[in-house]
Amino acid sequence: MRLALGGHTCHPHPFRGILYFAFRKNIDGYPLTLGCRDMAQNGARKYDAGAAAFFVETLCQDADTLLRFGFAMTLSEDFAGRLVFKTYESIVPSLPELLNRDATVIRLQLLRRAWELHHEINQEGNSSENVLYPLLKPLDLETRACLFLVDVVGLSVDEAREITKMDDTELRRHLTVGRKRLLGFRFE
Amino acid sequence: MAQKTAALSDEEFLYAYLSEYLDEALPNDQRKRFDEIAKRLKLESLTTDYGIRRGRLQIEAQRLYLDEKHMHDIHDLVEDDAARANHEAHDIDDVGRSELFGNAMRFVLLIGFLGLLVYGGFKFFGPEKKAAFKALDSLIYEAIVMSEDPEGRLDFPTDKLDELNTYFKRVPELGFLPKPMREPGGDWELNGGTVIDYEVSKIMAVQFTGKNNREKLYLFLWDGKLEQLPKSESGNFEGLVYQTYASDKWNIVAWQASPTVTGMMVGHRGGKEMAELAFKIVGL
């Protein structure tokens, strides 16, 4: 697969220039200290080892899930990759609040953020070489999202509703349409 | 749930609840309704078909994943390469330290185990430990026996102290080199000496007799420590620190004649007088 993030090779740090409070936490044996003290000591370092490890080992575990959901929304591998990056970039300022959260809650938050960002960016592509593209192309955005959240990511309908803010009937109607399409589709 | 699904048609209900039906998460009444609708619409194979297609969809979706480059860009949001290298170096150091400590602990445990094994083996298979030499009881008994048979118990009867000193020097079994004895002076004459052979220790024994009253005085020296004797009243005669004991007929003084040799004087005189005699004969 080929993904391009375009102009995102250099990422401004969200806390740069902000007097950020220092806090200390201990998760899985990591002493976490995040804030201006570390950054002041080492300009190149943005977070201490514990916070960085938490980000990489917990939050980034959902990167592929986000990519798949992103593809369902954007119909483009490139845009999906970009959306994943944007999602993490926008969630990083919330890292201190996420440290105590359960992995399931974090996953839902990431998916919700991706959903919101897609509506802000509103880009749709055409990765026609992808096997899933012809399956998804005829479906509208909400149907594709519902189908992926429930049938690919494995969320319950209630969890999917938390992300999409749809009511139960609306979401299930989208599921109905998506599943009919899935059952009528012949994978090449 | 009934309220939520009120607006769904039967067909919509069927498709909308497929995953819950397959996962057996539907309440009984909903499940019953599902089966009835599926039968009525002749869609009994719908759940099986859906299971297969959903599996295929998931497999195809799994072909989408972020490559190293894109993961690196995401990781870079929280730490750049230099910081990551520092963290990794620190982690490697921690692992190295942990391994070193683990190895050291294993080594110590192994040595400890081997030591325990050797000690256990020695205790179990090694030579039986000799019984402790009960000097006080044994030598009082010897004094009594020697006094009852003054001549018969002496291996080397002599009245010359030089001869006796030479004799004891030629007895290697003693386990120590006795210092040359000096004349006690006064009313005492030398009768001779002998080596008493106990299994645990060899005892150098010397017999003196009072010139006027035939009173007996015995000097014993052996390889041992004064601490092996019971604690008792102590005294000091010009630097000779002694402990005194008494039986019904005999008085005893014992002292550390040299760092490894214990001396004992057994007689009928008082403790201080016998300590003085010991000082004259053996010295410090």
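The values are calculated or read from the model by the stated rules, or taken from the named source; none is laboratory data. In this text the structure is predicted, and so the values were computed from the model without any measurement. Glycine gets a Cβ as well: all are built from the backbone with ideal geometry, and neighbour counts include every protein chain shown.
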Within the range A:88-95, is even one residue over 23 Å from B:Asn86 (Cβ atoms), crowded, with 23+ Cβ neighbours inside 10 Å and at the interface with chain B (Cβ under 7 Å from one of its Cβ atoms)? no
So in the range B:159-213, with the set limited to residues that are crowded, with 16+ Cβ neighbours inside 10 Å and of a type in the set (Ser, Thr, Tyr), which one is farthest from the chain's Cα centre (by Cα)? B:Thr209
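Residues checked against (1) touching a helix residue (DSSP H, G or I) at 6+ places or on another chain (Cβ under 9 Å); (2) at pLDDT below 75:
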residue	(1), (2)
A:Arg37	no, yes
A:Tyr47	yes, yes
A:Ala51	yes, no
A:Val56	yes, no
A:Gln61	yes, no
A:Thr65	yes, no
A:Phe69	yes, no
A:Met73	yes, no
A:Asp78	no, no
Could you check the range A:115-139 and list, in sequence order, the residues that are of a type in the set (Asp, Glu) and either more than 15 Å from A:Leu83 (Cβ to Cβ) or not in a helix (DSSP H, G or I) (or both)? A:Glu124, A:Glu129
The range A:150-188, residues that are part of a helix (DSSP H, G or I) and away from chain B (no Cβ under 11 Å): A:Glu159, A:Glu162, A:Ile163, A:Thr164
Any idea how many residues of the range B:96-136 are modelled with pLDDT of 85 or more and closer than 30 Å to B:Asp223 by Cβ? 5
Within the range A:84-111, the count of residues that are under 20 Å from A:Thr164 (Cβ atoms) and of a type in the set (A, V, I, L, M) comes to 7
Considering each residue of the range B:139-173, count those that are in contact with a strand residue (DSSP E or B) (Cβ under 8 Å, 6 or more places away or on another chain), part of a helix (DSSP H, G or I) and under 22 Å from B:Ile252 (Cα atoms), and give that number. 6
